[in-house]
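What follows is a single structure, written as structure tokens, with notes after it.
The values are calculated or read from the model by the stated rules, or taken from the named source; none is laboratory data. This one's a predicted model, so the numbers in the text were calculated from it and none came from an experiment. Using ideal geometry, Cβ is built from the backbone for each residue, glycine included, and neighbour counts are taken over all protein chains shown. We work out accessible area using only protein heavy atoms, side chains counted, and drop any ligands, DNA or RNA first. Shrake-Rupley method; radii C 1.70, N 1.55, O 1.52, S 1.80 Å.
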Amino acid sequence: MDIPLNDLSLHHAKIKSELNEAIENVIEKCQFIRGPEVDQFEKSFSKLIGTNFCVSCGNGTDAIYIALRTLGVKPGDEVIVPACSWIATSETVTQSGAKVVFCDVGDDFLIDPLKIEEKITSRTVGIIPVHLYGQMADMAKINEIKERHGLWIIEDCAQAHLATYSKKTAGTFGEFATFSFYPGKNLGAMGDAGALVCDDPELALAAAKFARHGGIVKGTHEIEGINSRLDGIQAAILNVKVKYIKRWTEERQEIASRYIEGLSELSHITLPHVHQGRTPVWHLFVIRSDERDRLAKHLKNNGISTTINYPVSLPFLPAYDYMDHTEADFPKAFEIQSKILSLPIFPEMTVEQVDFVIQTINDFR
Ligand SMILES: *Cc1c(COP(=O)(O)O)cnc(C)c1O
């Protein structure tokens, strides 16, 4: 049995005629930039998340950058980001001119709220919690810290469409929340796509202007902005797929439950830590093993694909050599990078496939 990490062709097979029709419709009308498809997606996505506004843009990385610039981040500022994430979270802080300040994570792979305050200086302006792998960070504690120090929050929800914390949806906690619709994300386009959501009309308007050359009315450029737009074709695809995201999320959750049940007795691996009161959406199912590389090889020999998200934690990437960080600065992030392994998880994964992965991990000696 060959089991991929994800299977996008299978994912699209069932809705292919709907997708083709949506794409043809855009071609027919030549509405390639903005247009009704984009408006419709912004409306339905903000409704789905439960925010007043959605501002679509080119990708999830741009969404973070647009949020940072809209909040007025500038050289001299400091922004706190978790040591474990994809580089987009920190890269955009540097792009905005501010200094990236990494904070170690906990056993749950998420920013450790107990370690945030020691990172705060008079220059700190905000925090970017990342709901990594699909489980939300500790937003109650992070919010307390934010209030105490007068900071802002940008939630990086790229891996957390519809995850919840105390029954509140990811994306409803910060000044801004950012989403990616990269094809492999829980809600994916067929190319690059992203969005920001927020409740404040002024912030929404300012973000939309910044993303569209500094003005949303033709010929008005109130400021200099960037060009970061959602294509009509990508919006049309997302309009089809957004109708299924709840079902796909439940399917991911069922697979994760089966993994947890089937693997819970094993002492040679550590299962992902799920907090009470949080509903993860399982963008990734990440286990830990002291013999990670040998386990990955064993799975590969049995036809099971795995990967490592991410092999090197952010502070230890060559891009951040200039910061001179040591293992001791981020002990958890350092420990995790040598032990984590992402197992296959995708909505179309069958019970037989899940059980085969469980059995194969059980057979590991
Ligand atoms: C995918 C991802 C992004 C960036 O999204 P793109 O659409 O690829 O630019 C940002 N943050 C995290 C945590 C991600 O996983």
Positive-end residue, the stretch 1-125 charge dipole about Cα centroid, Cβ charges, pick of CYS84, LEU19, CYS103:
CYS103
Given contacts defined as C-alpha pairs under 8 Å and at least six residues apart, what's the relative contact order of the stretch 183-302, whole-number percent?
20
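With all pairs of different alpha carbon atoms counted, what Kirkwood hydrodynamic radius in Å does the stretch 1-133 show?
Values: mean 1/r = 0.0555 Å⁻¹.
Kirkwood radius, the stretch 1-133: 18.0 Å.
In square nanometres, what is the average projected area of the Cα convex hull of the stretch 275-353?
That works out to 7.5 nm², a quarter of the Cα hull's surface.
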Let me check I have the definition right: for the chain, take the eigenvalues of the Cα gyration tensor, multiply each by 5, take square roots. What are those semi-axes in whole Å, largest first?
33, 28, 17
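Taking the Cβ of TYR244 as the centre, find all other residues whose Cβ is under 11 Å away and add up their charges (Lys, Arg: +1; Asp, Glu: -1). Present the calculation step by step, with values, prior to reporting the outcome.
On the way: positive: LYS14, LYS241, LYS243, LYS246, ARG247; negative: GLU18, GLU250, GLU251.
So the surrounding residues net to +2.
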Can you list the residues, at least 5 places off or on another chain, whose amide H is less than 5 Å from the amide H of THR307, using H built in the peptide plane?
SER342
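With Cβ to Cβ distances under 15 Å as the rule, what net charge do the other residues near ILE120 carry (K, R +1; D, E -1)?
Numbers: positive: LYS99, LYS115, LYS119, ARG123, LYS141, LYS146, ARG148; negative: ASP77, GLU78, ASP104, ASP112, GLU117, GLU118, GLU144, GLU147.
Once all neighbours under 15 Å are counted, the net charge is -1.
Rounded to the nearest whole Å², what accessible area per residue is found for the stretch 218-365 with the 1.4 Å probe?
Values: 7410 Å² over 148 residues.
Value returned for the stretch 218-365: 50 Å² of accessible area per residue.
Only helical DSSP H runs with n ≥ 4 go in: add -39500 (n - 2.57) per run for the chain, normalise by residue count and round the 222 nm mean residue ellipticity to 500 deg cm²/dmol.
My calculation for the chain gives -11000 deg cm²/dmol from helical runs alone.
May I ask which of LYS168/LYS243; LYS115/LYS297; LYS185/LYS218; LYS29/LYS185; LYS119/LYS332; LYS115/LYS209 have a Cα-Cα span longer than 24 Å here?
Long pairs (Cα-Cα over 24 Å): LYS115/LYS297; LYS185/LYS218; LYS29/LYS185; LYS115/LYS209.
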Give me the base-10 log of I(q)/I(0) for the stretch 123-163 at each q in 0.15, 0.28, 0.35 Å⁻¹, Debye formula, one uniform scatterer per Cα, rounded to two decimals.
-0.35, -0.92, -1.16
Sorted by chain and number, the residues with a modelled amide H under 5 Å from that of ALA193, at a separation of 5 or more or across chains, are GLY60, PHE181, TYR182
Quick one: Karplus J couplings for the stretch 17-32, per residue in order, coefficients 6.51, -1.76, 1.60, θ = phi - 60°, nearest Hz, x for Gly and Pro?
5, 4, 5, 4, 4, 5, 5, 4, 4, 5, 4, 4, 8, 6, 9, 7
Karplus 3J(HN,Hα) series, Hz, for the stretch 174-190 with 6.51 cos²θ - 1.76 cosθ + 1.60 (x for Gly, Pro)
x, 4, 9, 10, 10, 10, 10, 10, 3, x, x, 6, 4, 10, x, 8, 10
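With all distinct Cα pairs included, what does the Kirkwood hydrodynamic radius of the stretch 299-339 come out to in Å, to one decimal, could you say? Please report the intermediate quantities before stating the final value.
Numbers: mean 1/r = 0.0858 Å⁻¹.
After inverting the mean inverse Cα-Cα distance, the result is 11.7 Å.
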At 1.4 Å probe size, with every protein chain present, just tell me what the per residue accessible area of the stretch 8-107 comes to in Å².
43
Apply the Karplus parameterisation 6.51 cos²θ - 1.76 cosθ + 1.60, with θ equal to phi minus 60°, to every residue of the stretch 345-355 and state each ³J(HN,Hα) to the nearest whole Hz, in sequence, with x for glycine and proline.
8, 7, x, 8, 4, 8, 4, 4, 5, 4, 5
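Using a 1.4 Å probe over the heavy atoms of the protein chains, calculate the carbon and sulfur portion of the accessible area of the chain as a whole percent.
Details: 8020 of 16010 Å².
Here it works out to 50 percent.
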Skipping prolines and chain starts, which residues have an amide H placed within reach, meaning under 5 Å, of the one on LYS99, given they are 5 or more residues away or on another chain?
GLY76, ASP77, GLU78, VAL79
